[in-house]
Amino acid sequence: MKAVFMTDVGKLRQRNEDNGGIFTNASGDRLAIVADGMGGHRAGDVASEMAKEKLKSMWLLAPKIETADQAEKWLHDHINETNKAIYAHSKEVTECEGMGTTVVAAICTSRFATIVNVGDSRCYIRNEAGFQQLTDDHSLVNELLRSGQITKEDAENHPMKNLVLRVLGTEEDVNQDIKTIIFEEDDRLLLCSDGLSNKVSEQEMESIINGNDSLEEKATELIKRANENGGEDNITLVIIDYADDCERG
């Protein structure tokens, strides 16, 4: 597999509250993470950094993932553990009160990919069926959209677009969505924070992801487009390409 991680502060924010990375355990399986932190002071930074570091440290010690059930259980258990750690920290440190972070993560093996998400950071797939979003946003606007109260066009510019209903760290327990897909030759995953998905259309994403540029060039172009379209938020992404050789960004 080839993979690249990239993050950018954007054009308007003073600091980057996003985090993430691509981590390979002793068995050669990949864990990709994108986390978008939120909270007062520097608490958003703290929450997303804690999510990344805790998941990374546990992944590096993870046994070989042989089945989808194992991958799903690993993500479920360790997302819960990460949530409890962030929640406890927010209660112990006054400056971190109320902090939280979205997370989208994918375990990628040579046969399948298992994806978890909490919040509105997303995972897309490019495969023989085309380009599509795999995750559902845990947001007010998405709930209104799913219930038919607003249209997709309304959702694009809704005044409460940034209201997230589910994140890590704000409650002692967290609900998470987990799914496993077949991951095979020529498939490509894109994980991203809403700093990308709110600013770059799916059509633009698909065009860039399908291009012949290197993964590094694709990631750079996606961030460039988000900044050209306003860049009001931090922008973070991971691209994972099913291939025989290995390259980490």
Practice task
Could you tell me whether any residue of segment 239-248 is outside any loop (DSSP other than H, G, I, E, B), of a type in the set (Lys, Arg) and modelled with pLDDT of 95 or more?
Solution key: no
Practice task
Please enumerate the residues belonging to segment 179-210 that are in contact (Cβ under 8 Å) with a residue 40 or more places away in the chain, over 17 Å from Tyr242 (Cα atoms) and crowded, with 18+ Cβ neighbours inside 10 Å.
Solution key: Cys192, Ser193, Asp194, Gly195, Leu196, Ser197, Met205
Handout entry: From the options Ile178, Ile125, residue that is out of contact with any helix residue (DSSP H, G or I) (no Cβ under 7 Å at 6 or more places or on another chain) and under 18 Å from Val34 (Cβ atoms)
Key = Ile125
Handout entry: Among (1) open to solvent by 10 Å² or more (accessible area, probe 1.4 Å); (2) part of a helix (DSSP H, G or I); (3) modelled with pLDDT of 95 or more; (4) in contact with a helix residue (DSSP H, G or I) (Cβ under 9 Å, 6 or more places away or on another chain), the one test that Asp173 misses
Key = (2)
Handout entry: Unique match (being out of contact with any Asp or Glu (no Cβ under 6 Å at 6 or more places or on another chain), hydrophobic (A, V, I, L, M, F, W, C) and part of a strand (DSSP E or B)) among Leu191, Leu144, Leu196
Key = Leu191
Practice task
Might you check whether a residue that is charged (D, E, K, R) and touching a strand residue (DSSP E or B) at 6+ places or on another chain (Cβ under 6 Å) occurs anywhere in segment 162-175?
Solution key: yes
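Per-residue answers, yes or no, for (1) among the basic types (Lys, Arg); (2) surrounded by fewer than 20 Cβ atoms within 10 Å (Cβ to Cβ); (3) at pLDDT 95 or above; (4) at positive phi:
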| site | (1), (2), (3), (4) |
| --- | --- |
| Ile115 | no, no, yes, no |
| Ser121 | no, no, yes, no |
| Gln133 | no, yes, yes, no |
| His138 | no, no, no, no |
| Asn142 | no, yes, no, no |
| Ser147 | no, yes, no, no |
| Ile150 | no, yes, no, no |
Problem - Matching residues, segment 98-143, being touching a His at 6+ places or on another chain (Cβ under 6 Å) and more than 19 Å from Ser48 (Cβ to Cβ) - result: Val141
Exercise for the section: Could you name every one of the strands (runs of 3 or more DSSP E) located completely within segment 1-108 that has at least 3 residues being open to solvent by 30 Å² or more (accessible area, probe 1.4 Å), modelled with pLDDT of 95 or more and not acidic (Asp, Glu)? Expected result: 2-8
Practice task
Report yes if Lys161 is touching a helix residue (DSSP H, G or I) at 6+ places or on another chain (Cβ under 8 Å), modelled with pLDDT under 95 and surrounded by fewer than 16 Cβ atoms within 10 Å (Cβ to Cβ), otherwise no.
Solution key: no
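The values are calculated or read from the model by the stated rules, or taken from the named source; none is laboratory data. Quick caveat: nothing in here was measured; it's all calculated off a predicted structure. Here Cβ is always computed from backbone atoms with ideal geometry, including for glycine, and neighbour counts include all displayed protein chains. Accessible surface is based on the protein model in full, side chains and every heavy atom, while ligands, DNA and RNA are left aside. Shrake-Rupley method; radii C 1.70, N 1.55, O 1.52, S 1.80 Å.
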